1. Determine the pairs where a residue that is among the aliphatic types (A, V, I, L, M) and modelled with pLDDT of 85 or more, located within segment 204-222, has a partner that is surrounded by fewer than 23 Cβ atoms within 10 Å (Cβ to Cβ) and part of a strand (DSSP E or B) with Cβ atoms under 8 Å apart, the partner being 6 or more residues away or on another chain.
2. Going by the structure shown, is K106 over 26 Å from L140 (Cα atoms) and out of contact with any helix residue (DSSP H, G or I) (no Cβ under 8 Å at 6 or more places or on another chain)?
3. Which of the helices (runs of 4 or more DSSP H) found entirely inside segment 238-321 contain at least 3 residues meeting this: over 24 Å from the mean Cα position of the chain (by Cα)?
4. Looking only at segment 67-77, decide whether some residue is among the β-branched types (V, I, T), without any contact (Cβ under 8 Å) to a residue 24 or more places away in the chain and crowded, with 16+ Cβ neighbours inside 10 Å.
5. What are the pairs, 6+ residues apart or on separate chains, where a residue within segment 21-34 that is at pLDDT below 85 and surrounded by 13 or more Cβ atoms within 10 Å (Cβ to Cβ) has its Cβ under 9 Å from a residue that is of a type in the set (D, E) and assigned to a strand (DSSP E or B)?
6. Quickly run through segment 293-321 and pick out the residues that are of a type outside the set (K, R) and without any contact (Cβ under 8 Å) to a residue 60 or more places away in the chain.
7. Within segment 174-209, track down each residue that is outside any helix (DSSP H, G or I) and open to solvent by 60 Å² or more (accessible area, probe 1.4 Å).
Amino acid sequence: MFLWVLALLVLCGFLWNYAGKRQPEIADIADKYIFITGCDSGFGNLAARTFDKKGFRVIAACLTDAGSTALKAETSERLHTVLLDVTDPENVKRTAQWVKDHVGEKGLWGLVNNAGVLGVLAPTDWLTVKDYREPVEVNLFGLIDVTLNMLPLVKKARGRVINVSSIGGRLAFGGGGYTPSKYAVEAFNDSLRRDMKAFGVHVCCIEPGLFKTGLSDPVKAAEKKFAIWKDLSPDIKHQYGEGYIEKCMDKLRGTVSFVNMDLSLVVECMDHALTSLFPKTRYAAGKDAKTFWIPLSHMPTVLQDFLLLKQKVELANPKAV
């Protein structure tokens with residue numbers, strides 16, 4: 001009986017994905033404006049270049065002059081860049097006003113909230129509340145601020161809002177501010193989707209798995225851990241043991257085969273959310289997200305804990321408290 005149910009679920013999943021790819025698309029792309037945050041690198045940069053080639057009128061928000069200059073050198077004259085720090089409310093307001101003046105009565109067909117940071121990933125008892133602030137400020141409050149300021153333009157176009165969350169918004173895989181920020185993004189996304197339905201605005205959430213981007217650079221992550229380790233109390237260092245971070249890195253190297261290299265998997269989800277007449281409410285991007293993380297998020301907590309704790313390094317002296 002179990003195998004029949006499993007086979008039926010697999011078939012339903014296949015048909016759902018097939019139907020999603022065959023859905024009719026919107027017309028008049030050349031007349032539609034989309035605004036994308038976090039375009040210096042990674043998903044945002046590829047999305048800006050991809051949608052520019054597709055014919056959209058792309059407004060790409062970059063954090064740095066270097067990122068903006070490099071992007072403009074690789075794209076058409078249709079694409080415009082703006083410098084935006086999503087954690088600066090005045091910067092967000094000025095940018096929204098510029099976008100309003102630029103798009104005019106057409107409004108904004110697509111808002112892609114992609115900007116994000118990883119912050120520090122470390123055991124919870126290593127951290128202070130300050131370590132939680134950066135990812136929450138960028139990934140959550142920055143996203144909300146941009147959305148609220150751009151929403152009138154999206155409503156005018158009866159367009160789309162696409163929020164880039166993470167599998168970390170479905171399952172907490174480590175300590176730090178990243179997963180709490182993504183859990184909150186999922187909640188904001190859900191409430192926004194329901195509130196915007198009456199206006200004809202579709203709100204979608206993309207949940208990428210583990211991808212090789214600057215955000216997930218293991219060397220930078222290790223450097224942040226070492227910086228915190230230096231300031232830990234002798235008691236905590238004794239509990240975890242010398243060499244703890246190195247052992248964590250060894251464990252991480254063992255999972256390299258699960259890291260997705262093809263960033264276009266996420267951009268394809270953005271594309272479907274922007275162009276399909278019937279976009280999905282959620283998109284899982286990456287084989288690991290579809291076959292492990294998202295299914296695991298629906299499993300009993302005891303199974304989640306068992307599988308995730310198997311990947312953690314054993315502490316040297318956990319009873320030395």
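The values are calculated or read from the model by the stated rules, or taken from the named source; none is laboratory data. Note that this is a predicted model, so its numbers are computed, not measured. Positions of Cβ are generated from backbone atoms using ideal geometry, with glycine treated the same way; all protein chains shown enter the neighbour counts. Note: areas computed on protein heavy atoms with side chains; ligands, DNA, RNA excluded. Shrake-Rupley method; radii C 1.70, N 1.55, O 1.52, S 1.80 Å.
1. Listed by first residue and then by second, the contacts come to I206/R282; L210/N260.
2. In short, no.
3. 244-253, 301-309
4. No, that holds for no residue.
5. none
6. P295, H298, M299, P300, T301, V302, L303, D305, F306, L307, L309, E314
7. Within segment 174-209, just H202 meets the criteria.
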